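The values are calculated or read from the model by the stated rules, or taken from the named source; none is laboratory data. Owing to the predicted nature of the structure, the values given are computational and were not obtained by experimental measurement. Quick reminder, even Gly has a Cβ in these numbers, built from the backbone with ideal geometry, and neighbours come from all protein chains shown.
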Amino acid sequence: MKFKPEMLQVYLVIGTANVDYRVDRLLAVVAAAVRLGVTAVQFREKDQSRLTFAEQVQLGRAVHRLTAAQQVPLFVDDNFKLAQAVGAEGLHLGQTDPWPALKQKQQANLMVGLSVHDFTELNQSRSLLPYIDYLGVGPVFATKTKSDAKAPIGTSGLMDMVQQTDLPLVAIGGISERNVWKLKTIPIAGVAVISAITTSSKLATTIRTLKLQGGFHDQ
Ligand code: 3NM
């Protein structure tokens, strides 16, 4: 699948740790979210995962069946082998994640995103940027979801980052229906959320609100 910035409009990030380790609930949230208009999904198991690699592959494939049915791209966090085993369209990397050899990446034909939190990380990543499709930037607001999240950069910090790169940028961290309006004038491609979607009791409204206000597509 070829990357398009529109894919970043409303980007659901989710792993079992975000749904009380309930696989059935994770699949239900993903199924509803892709049906109601999220434009990308990231499967993020991370270190808190209680699943073996084989179980992650099995669950990742089930997630991929749901996303593929709605032509929504699936990114896998961190793990190149898992992304390949799942048949995902993309890989999302953090600053310390192993960078797959360029040849591997090209053979796998994966879209690639990278998290950057500040200018230092952006500058450290300069040599990788030609191989990156989008940047994830945050946390914009305070978040309880990621225990090791850095200090929030706020809307002004996000604006500064946007001005430092030509890559499409997706904002993450503490973004909700209530505060997403604050991002409306910042030229980002979209918003990435965990709890705004996993805790929503009105998912259609939540996704619509995030989509309308979360990026330059609405201006
Ligand atoms: N990455 P919520 S903040 C997964 O700053 C993640 O890179 C972040 O969860 C970063 O939408 C974050 O519930 C957590 O705040 C986002």
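Each row is one residue, and each column tells you yes or no for (1) closer than 17 Å to F43 by Cα; (2) within 16 Å of the ligand (Cβ to nearest atom); (3) touching a helix residue (DSSP H, G or I) at 6+ places or on another chain (Cβ under 8 Å); (4) in a strand (DSSP E or B).
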position	(1), (2), (3), (4)
V57	yes, no, yes, no
T67	yes, no, yes, no
V72	yes, no, yes, no
V76	yes, yes, yes, yes
T96	no, yes, no, no
T120	no, yes, no, no
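Identify, by number, the condition in (1) in contact (Cβ under 8 Å) with a residue 12 or more places away in the chain; (2) surrounded by fewer than 22 Cβ atoms within 10 Å (Cβ to Cβ) that V63 doesn't meet.
Only one criterion in (1) in contact (Cβ under 8 Å) with a residue 12 or more places away in the chain; (2) surrounded by fewer than 22 Cβ atoms within 10 Å (Cβ to Cβ) is unmet by V63, namely (2).
Taking the condition of being crowded, with 21+ Cβ neighbours inside 10 Å, more than 15 Å from the ligand (Cβ to nearest atom) and at pLDDT 95 or above, how many residues in region 171-219 meet it?
1
Taking the condition closer than 20 Å to S147 by Cβ, surrounded by fewer than 15 Cβ atoms within 10 Å (Cβ to Cβ), in contact (Cβ under 8 Å) with a residue 24 or more places away in the chain and within 16 Å of the ligand (Cβ to nearest atom), does Q48 pass?
On the way: closer than 20 Å to S147 by Cβ: yes; surrounded by fewer than 15 Cβ atoms within 10 Å (Cβ to Cβ): yes; in contact (Cβ under 8 Å) with a residue 24 or more places away in the chain: yes; within 16 Å of the ligand (Cβ to nearest atom): yes.
Spelling it out, Q48 is indeed closer than 20 Å to S147 by Cβ, surrounded by fewer than 15 Cβ atoms within 10 Å (Cβ to Cβ), in contact (Cβ under 8 Å) with a residue 24 or more places away in the chain and within 16 Å of the ligand (Cβ to nearest atom).
Tell me, which residue of region 84-97 that is within 15 Å of I132 (Cβ to Cβ) and not charged (D, E, K, R) is surrounded by the most Cβ atoms within 10 Å (Cβ to Cβ)?
Going through the qualifying residues, I end up with H92.
Taking the condition of being free of Cβ contacts under 8 Å to residues at least 60 places away in the same chain and buried (at least 21 other Cβ atoms within 10 Å of the Cβ), how many residues in region 1-39 meet it?
Here the count works out to 4.
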